[in-house]
Amino acid sequence: MFRKSSALGSDVARVRVVPHRPVRRALMLAAFALVVVGAAGGGYYLGLSVADLDRTYLRSLEQLERGNAIQTQRLREQLIDAELNRQVTADASAALREDIVRYSEEVAGLREEVTFYKSLMAPSSVERGLQIAQFELMAVADTDQFSYRLLLTQMEARRDWVQGSVRVDVRGRSTSAGSADEEQVLSLTELAEVDPYPLKYRFRYFQDLSGVMSLPAGFLPEAVVVTVDRGGS
């Protein structure tokens, strides 16, 4: 430490002299630079490692997503197949039930017919001779017409050919405006196209007579009268 006197002689200034050490400073700067570079390098490699981990995790997630998508699609297809099978089974069961009901009705009808025709072939009724076994009158759907069916039979132990004629009359009342409410009798010729009339029959065991009739507007039917005349040989 040196002291230097001022030219004025009245004031004294003190100056501190620092030793000049450039090597040490350079070493400190180099060490700091190495630390910075090391930290940067470590951060870089750490970032690379984290990035690799992230990419690996992302690939795992993508693979898991693809696997889940495939499994979901398989389950969806299985569900569709199961639904189709259920629907097909339900439709088949419904159709089968309808067929069973229809066949049961047909079998019951056939049994009734067999029983009926057996009774015709081997009559046990006390009544003998020509008979009206059945007369049916049914409405034809979506029309104003009616179908009729007449079944004639012969109840005899020994059956010969029988023949004759049949008349069909419909009794009722007219409900048209302006007409008197009185009984009317309409012949089959007024209700249907029949030729010849009276209807003809000839059989040994039984015979069906059938056709379609149309009732006039305002006519209210009450009864059907069937008259069978036997004649000829």
**Report entry** Spacing of the two label points (7 Å from each Cα toward its C-beta) at SER104 and ALA139, in nm
**Finding:** 2.8 nm
Requested in this report: Pull up all non-local amide H partners of LEU215: gap of 5 or more, or a different chain, and H-to-H distance under 5 Å with H placed in the peptide plane.
Outcome: PHE146
Report summary line: The residues MET138, MET213, sorted from fewest to most surrounding Cβ atoms within 10 Å, come out as MET138, MET213
Query raised in the report: For the pair SER147 and GLN73, how long in nm is the line joining their label points, each one 7 Å along Cα→Cβ?
Result: 5.8 nm
**Report entry** For TYR197, TYR103, TYR148, order by how many other beta-carbon atoms lie within 10 Å, fewest first
**Finding:** TYR103, TYR197, TYR148
Query - Packing-based exposure ordering (other Cβ within 10 Å, fewest first) of THR56, THR153 - result: THR56, THR153
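Computed from the coordinates by the stated procedures, all read-outs in this text should not be read as laboratory data. Only a predicted model underlies this, so the values are computations on that prediction, with no experimental measurement involved. Don't worry about glycine lacking a Cβ; one is built from the backbone with ideal geometry, like all the others, and counts go over all protein chains shown.
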